[in-house]
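Chemist: Quick one: this structure, given as structure tokens, is what I'll be asking you about.
Laboratory data are not the source of any read-out in this text; all were calculated from the coordinates shown. Since the structure is predicted, the reported quantities are computational estimates derived from the model, not experimental observations. Every residue, glycine as well, gets a Cβ built from its backbone with ideal geometry; the counts of neighbours run over all protein chains shown.
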Ligand SMILES: [Zn+2]
């Protein structure tokens, strides 16, 4: 199947007997975005910017990594590229953001990977701006975490997504760029620190 053939609404299962809502083998829960925004804001206030960002990056990474494994085992995509591109599709179905891929390049032998795209209607940027003036840094931490986790699971080697543009810092849309850590400059440091345990597991 093509990435765009995926339709989450037909594969969601609601079981009122057990109270378990699922997508294939994953149990899902739904939260109002205002509650998620409040959780993020409280964490920011209670534990500070760096620690809150780290937790949200890890939360997103785990989510993206798990979604990838689920998609890979549950569906037969026509090509490797369709499997990769199903990430932005499911991210959009989940209501987190509208994700539109733009450029993609990969050479597995040489360890080269480059994937960019546009994010609109990020719930995380929306929630950030509900509480704050525009930031000087990108704010969609769980989104870049998700993209990093998804791409890393696909590639089998560490990859880091960072937002060159973000609505949370006053841009009119967000953008993601995913590439290997060593291609990034100093800006990659907090991301590497957050993903350390995930990346270490890949080496084993
Ligand atoms: Zn953003």
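Chemist: Are any of the residues in segment 86-102 more than 26 Å from residue 42 (Cα to Cα), out of contact with any strand residue (DSSP E or B) (no Cβ under 8 Å at 6 or more places or on another chain) and crowded, with 18+ Cβ neighbours inside 10 Å?
Modeler: yes
Chemist: Condition first: out of contact with any helix residue (DSSP H, G or I) (no Cβ under 9 Å at 6 or more places or on another chain) and part of a loop (DSSP other than H, G, I, E, B). Now tell me which residues in segment 181-201 satisfy that.
Modeler: 185 - this is the single residue of segment 181-201 that is out of contact with any helix residue (DSSP H, G or I) (no Cβ under 9 Å at 6 or more places or on another chain) and part of a loop (DSSP other than H, G, I, E, B).
Chemist: For segment 28-146, list the helices (runs of 4 or more DSSP H) that sit wholly inside it and hold at least 3 residues that are more than 16 Å from the ligand (Cβ to nearest atom); which are they?
Modeler: 33-47, 49-74, 80-93
Chemist: Taking residue 125, is it within 14 Å of residue 36 (Cβ to Cβ) and in contact with a strand residue (DSSP E or B) (Cβ under 8 Å, 6 or more places away or on another chain)?
Modeler: yes
Chemist: May I ask you to verify whether residue 178 is within 13 Å of the chain's Cα centre (by Cα), part of a strand (DSSP E or B) and within 11 Å of the ligand (Cβ to nearest atom)?
Modeler: For residue 178, the condition - within 13 Å of the chain's Cα centre (by Cα), part of a strand (DSSP E or B) and within 11 Å of the ligand (Cβ to nearest atom) - is not met.
Chemist: Give the residue, chosen from 41, 112, that is under 30 Å from residue 19 (Cα atoms) and in contact (Cβ under 8 Å) with a residue 40 or more places away in the chain.
Modeler: Result of the check over 41, 112: 41.
Chemist: Applying the selection to segment 155-166, what residues are crowded, with 24+ Cβ neighbours inside 10 Å and either in a helix (DSSP H, G or I) or away from the ligand (no atom under 12 Å from the Cβ) (or both)?
Modeler: Listed by number, the residues that qualify are 159, 160.
Chemist: Right, next: Check residue 171 against each of (1) assigned to a loop (DSSP other than H, G, I, E, B); (2) in contact (Cβ under 8 Å) with a residue 24 or more places away in the chain; (3) within 11 Å of the ligand (Cβ to nearest atom) and name the one condition it does not meet.
Modeler: (2)
Chemist: A further question on this structure: In segment 8-27, what residues are at negative phi, in contact (Cβ under 8 Å) with a residue 40 or more places away in the chain and outside any helix (DSSP H, G or I)?
Modeler: Matches in segment 8-27: 23, 25, 26.
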